[in-house]
Structures are given as structure tokens and as C-alpha cells.
Amino acid sequence: MEQVSLLKAESYQSDVKQKIVELLEPLGGLGTFCKSGDRVLIKPNFILPRSPESAATTHPAVILAVVSLLKDMGCHVAIGDSPGMGSAEAVIRKLGIYDALKQYRAELVEFRTPAAVSASQRLPFEPRFKNLLLAKEVFDYDRVINLPKLKSHGQMGITLATKNLYGCLPGPAKGQWHFAAGRDLKTFARLLVEIAFTVNPVLHILDGIVGMDGNGPSNGRPREFQLLAASSNPIALDRMIVEIIRHKPEKFPIFEAATELKLPGVQLDEIQPLGTDPALCVIDDFQVPSLGPPNWVGNKPLTILVEHLISRRLILKRKVCIHCRKCEQYCPAKAIIYRRGIRINESKCIKCCCCQELCPVGALEVADPWLIRWFGRRR
Ligand code: SF4
Ligand code: SF4
């Protein structure tokens, strides 16, 4: 059975370190995953430099709690990422923990150096993406601990443990792989699974004390879910959370990719929940902004036939846009043109949501086209 531990945690003001200890207890404690003298790399969600209150990144209290626990054990601790915008250091400074990490003598690592990794030796399945270059820095440590955030995601619906490891691609490679996968969500999901299992963290600890839904992963609404979750299996952890937010797993391409690879943890009956009863962790009304077809269309031929009319798309809130042109800069498909305001070329757009993710003011939103909104109102 794949074990997933759950724990209710009211706020970041409570003793988060003690909460993490309680969370990991049913899994055997942190000592099951690391030992004294280990060089441990922590990979949080550092999507871009934002304040802790925005809920865009893993909360600093969770990061410091894990750093402190590892230090208590006698580990050498490093913390790193390759943010979509800015650097890991810029995110750490924005979160206000630069000095605290220094005091812990935690090493700060930027994932910058592309390196070939022998994926076939690490993966429990035949890799499809044989020319994957991940950040060399990730593999300089004995163990990796993944610290994802519970957030909605424009392209994949949700970002949890598996998706968080996409940040192990160095800088520009993230855009290139988005472009290579194109519009095919299943191909992109397969890529995410391959990256997650190549990096192969020993432990995933999800920060859902305050998470995000709606226009995530950076501009959605922060919500108090009061939840921490942990597992050694990212697929099982993600699957349990999808159950908790009361959405169907079929909505999320990650599970389709994991099912195809026969990975354990996709089916609920393969998961043993530990700690707090999942029924007590339920999150209602979690808004998922997926760019896939609207949920009510269950008819596949009809969906394909009128996809260009019914697919959700990126809508620009013109009054919010500050004309910074960052979206144009980061669009991997060069689908954004700036002419006294931004325009998205729908035929070039691969729906990767990088622009929506990195817009500093949340001016891009995933929404239904007017036809669907009109039809939805009349149903
Ligand atoms: S990144 Fe956002 S604010 Fe900047 S130009 Fe694009 S839509 Fe406007
Ligand atoms: S316009 Fe936005 S969603 Fe479309 S390809 Fe460019 S970055 Fe991706």
C-alpha cells in the first residue's frame, strides 16, 4: 500500500515544526528518509518572487521547519529551485528568510546547469524523453525532499508533488519543453511524471495550510485549507489531495500518464491514509482553471468538432494589464504580439499558461469563451 499522511494545521503561527513532526510520525519519522551526515536538497515551490501572503510559493514557515528538523538530525541542508521568473535567491529574499537560512548554514542553490541524467537507471519504466537535461545541481546531493504547495494550475488543473518537480529543469529549458510538448496535455503530463521519478525525492511534504485555487498557480485566490500532507510517493499524494478537493481524477492528465505507466498510487484502494481522517480534511468548492474542454461537454466527437469555439482560453483583463510585456518575453511559442497592448495568436498558442503564470499582476485569466458563458447561463 502507498502511504499518505494527513494532518490538519490551523495556521503558520502555530508550531509548524512540531506539526511536521506529527505529520511524519505515521510514516516512521524524518529519520526513515534521511540520516545524520546526509547532504539533503530541499525543493520548494519557488514559482516567482512573491510575498508569503500571496500563497504562490511554499510558505517560509514550512521551509524553515523542515530545514530546522534536518539540521537537528545533523544533515547538511541545501535549498534550491529554478523559478519561472527571477532567481531562487530573489524568492528567498522576498519570503524574508534569507538571513534565517544563513543562520542555519543552509546552502542556496540555483538550478542552472543542464546535464544529462541516466534516467533509465533511475526510472521504474522505459523513459520516453531520453534527451532530458535536468539541472545538474539536483543530483549533487544524497537526498531530495520535495516541498510543493497546494495550488490550482491553468494548464494541468492542479499543481502538487509531481508538478512541482518541473522546476528541476534549468531556466530556459522549461519553456523549451513546454513548446516541445505542444498542446498535448498527456505528453506534458508524461514528461512531468518522468521528471518526478528521475529526480526521485525520498519524501514529499505538501504545504496546504494556505493554498490557492481559481486563477493559479500565481494569481489565484489564497485559501485556508489548513492541511499538511506527506508521502514518499508523489502520485499517491496527488491522488489523495484530488479526493480531498472532491474532483474527479480523470480531469487531471497526470493520472492518465501514471496509469499508462502502471505506477502505484493512482487508485484510491492502493492508498493507505494515515494521520487525520481524509473525511475531516475535505475542501469544498475548489476552483480548477483547466484549459481543457468545459466539463459539461462529455461528448468527444462534439468536443473535437467545435473545440475552437468551446475551449477555455486566456482572457486579458485590459484594465489590469500594466504593459510590462513579460508575457511576450516568456511565451515559448512566440504567440504573443505587442501592438499598443498584447494580442494572443490563438493558432500559435500551445496553451502552456506560462504567460498567465508569470504575469506580475494577474491580468491573464483562464476563462470560457463567450459562447460557453452564454450557453451556461441558459442551462
Ligand atoms: S505580463 Fe501581464 S501585465 Fe505584463 S503585458 Fe502581459 S498581460 Fe500585461
Ligand atoms: S500565449 Fe501564453 S499560453 Fe499561449 S503559448 Fe504563449 S505563454 Fe503559452
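Some notes on this structure:
- Calculation over all alpha carbon pairs of segment 1-106 in 5 angstrom steps from 0 returns a P(r) of 2, 12, 21, 22, 20, 15, 6, 1, 0 percent.
- For segment 1-80, the set of GluC sites (Glu not before Pro) satisfying both a DSSP loop assignment and a count of at most 16 other C-beta atoms within 10 Å is given as Glu10.
- Cβ-Cβ FRET estimate between Thr32 and Arg339, R0 fixed at 56 Å, reported to 0.05: 0.45
- Sorting 195-202, 232-239, 266-273 by average packing, meaning the other beta carbons within 10 Å per residue, from highest down gives 232-239, 195-202, 266-273.
- In nm, spacing of pseudo-spin labels at Thr113 and Leu133 (7 Å Cα→C-beta vector): 1.3
- Summarising the amide proton neighbourhood of Cys75: residues at separation of 5 or more, or on other chains, whose placed amide H is nearer than 5 Å comprise Gly37.
- Between Arg105 and Glu53, the FRET efficiency from the beta-carbon distance, with R0 = 30 Å, is close to 0.60.
- Computed extension length for Asp142-Gln18: 42.2 nm, one decimal, from 0.36 nm per residue of separation with the Cα-Cα distance subtracted.
- Under 5 Å from the amide H of Thr113 lie the amide H atoms of Lys136, Glu137, each residue being 5 or more positions distant or on a separate chain, with H modelled from the backbone and absent for Pro and chain starts.
- Loop-located trypsin sites (Lys or Arg not before Pro) in segment 27-108 (DSSP state other than H, G, I, E, B) with a sparse environment of at most 11 neighbouring Cβ atoms within 10 Å: Arg105.
- Percentage relative contact order, segment 2-280, counting C-alpha pairs under 8 Å, at least six apart: 25
- Sparsely packed GluC sites (Glu not before Pro) within segment 54-146, loop by DSSP, other Cβ within 10 Å at most 11: none
- Rounded to 10°, Cα long-axis angle of helix 234-244 versus longest principal axis of the chain: 60
- Calculated over segment 2-280, the projected area of the Cα convex hull averaged across directions stands at 12.7 nm².
- Unit charges on C-beta of K, R, D, E only; dipole of the chain, Debye: 1900
- Charge-dipole axis of the chain as Lys and Arg at +1 and Asp and Glu at -1 on Cβ define it, positive-most pick from Ala363, Ala181, His247: Ala363
- Filter on Lys248/Lys317; Lys130/Lys174; Lys8/Lys248; Lys71/Lys102; Lys136/Lys334; Lys19/Lys94 - keep pairs with C-alpha separation over 18 Å: Lys248/Lys317; Lys8/Lys248; Lys136/Lys334; Lys19/Lys94
- The aspartates and glutamates within cross-link reach of Lys319, meaning a Cα-to-Cα straight distance under 15 Å and a gap of 8 or more places when in the same chain, are Glu365.
- Largest GNM mean-square fluctuation among Gly31, Gly265, Gly84, using the chain with Cα springs under 10 Å: Gly31.
None of the figures in this text is laboratory data; all of them are computed from the coordinates on show. If you're wondering where the values come from, they're calculated on a predicted model, not measured in any experiment. We place every Cβ from the backbone using ideal geometry, glycine too, and count neighbours over all the protein chains shown.
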